[in-house]
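Beneath this line is the structure, given in structure tokens, with notes to follow.
The values are calculated or read from the model by the stated rules, or taken from the named source; none is laboratory data. Given the structure is predicted, the values throughout are model-derived calculations rather than measurements. No Cβ is skipped: glycine too gets one built from the backbone with ideal geometry, and neighbour counts run over all protein chains shown.
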Amino acid sequence: MFGVRKNNSRGFSLIEILIAIAVGLTIMGALYSSFIIEKKIYDVQAQVAEMRQNARAAMDMMMRDIRMAGYDPVNTPKLGTIVTAAADRIRFTVNLTRTNTTTTALNSPDEDILDPNEDITYYIETLTTGTQQLVRVARERLSPSTASDFRISPIAENIESLAFTYHKSDGTSAGVISDIREVRITLTARTALPDPSYTDPVKHDHYRRYTLAAKIIPRNLLL
Ligand SMILES: [Ca+2]
């Protein structure tokens, strides 16, 4: 009779392997879920940071420009003024330089508002894609030999609303342009992409929003 050979160095049973695989998969699944959650948090934070930076940069640029509204060192007659004071847009002029003719030294102020960046408008433009962007329309020259013309420059994308109010020096609403001493701006930006886990309490969509407000006193309007 042949003796039965007993093998003590047995391997894993099928059940053990299946359990090991199941445990492994569970751990991997948990790791993957936490990775996805962390990535989502990171993505949302990046979107929010971009939105805020976008809004601040747009507001800074408008403030810098509007602060100069009415600037005119020649002043006879004064040409720099606010031209359009609407709730959704502002247009104003400044007399920065002369560059159009050769009768006066370049870059000395002349008596016109036809040089680059002397006639500026800000408003929101809605693109065919539905994206809303803040644009700056300004007189610009394409070359030294051409006259200045209006050029539209996109300043910031995903600017959802832009509202202007105009005030007298005592803070009350200015009824006519000549009474304006203060311009207030409210700007709302939104994230470029929606976040499905977030619902806006007012708009009921999935975009996060950021609103900035500023008050500007263009000193040159007083002169
Ligand atoms: Ca000029």
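Which of the residues that make up segment 212-223 are surrounded by 11 or more Cβ atoms within 10 Å (Cβ to Cβ) and either of a type in the set (A, V, I, L, M, F, W, C) or under 22 Å from ASP43 (Cβ atoms) (or both)?
The initial filter retains those residues of segment 212-223 that are surrounded by 11 or more Cβ atoms within 10 Å (Cβ to Cβ), namely 212-221, 223.
Hits for segment 212-223 are LEU212, ALA213, ALA214, ILE216, ILE217, LEU221, LEU223.
Of everything in segment 122-141 that is surrounded by 11 or more Cβ atoms within 10 Å (Cβ to Cβ) and either of a type in the set (S, T, N, Q) or farther than 20 Å from MET62 by Cβ (or both), the residue that is nearest to the ligand (Cβ to nearest atom) is ARG141. Restricting ALA57, ALA87 to those that are in contact (Cβ under 8 Å) with a residue 40 or more places away in the chain, of a type outside the set (D, E, K, R), away from the ligand (no atom under 16 Å from the Cβ) and not in a helix (DSSP H, G or I) reduces the list to ALA87. For the residues ASP115, ASP119, the requirement of being modelled with pLDDT of 85 or more, surrounded by 15 or more Cβ atoms within 10 Å (Cβ to Cβ), within 12 Å of the ligand (Cβ to nearest atom) and under 27 Å from ASN158 (Cα atoms) singles out ASP119.
Matching residues to (1) surrounded by 21 or more Cβ atoms within 10 Å (Cβ to Cβ); (2) modelled with pLDDT under 90; (3) not charged (D, E, K, R):
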residue	(1), (2), (3)
ARG52	no, no, no
ARG56	no, no, no
MET59	yes, no, yes
MET63	no, no, yes
ALA69	yes, no, yes
ASN75	no, yes, yes
LYS78	no, yes, no
ARG89	no, no, no
PHE92	yes, no, yes
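Only one entry of ALA163, ALA138, ALA69 meets the criterion of being under 26 Å from the mean Cα position of the chain (by Cα) and part of a loop (DSSP other than H, G, I, E, B), and that entry is ALA69. Looking across segment 201-213, the residues that are within 14 Å of the chain's Cα centre (by Cα) and either polar (S, T, N, Q) or part of a loop (DSSP other than H, G, I, E, B) (or both) come down to ARG208, THR211. With respect to ALA156, is the statement that it is touching a helix residue (DSSP H, G or I) at 6+ places or on another chain (Cβ under 7 Å) and exposed (fewer than 15 other Cβ atoms within 10 Å of the Cβ) true? Answer is no for this residue.
Applying the condition of being closer than 21 Å to ALA163 by Cα and loosely packed, with under 15 Cβ neighbours inside 10 Å to segment 180-200 and asking which residue is farthest from the chain's Cα centre (by Cα) yields ASP200.
May I ask you to verify whether ALA156 is small (Gly, Ala, Ser), modelled with pLDDT of 90 or more and within 15 Å of the ligand (Cβ to nearest atom)?
When the stated conditions are applied, ALA156 does not pass them.
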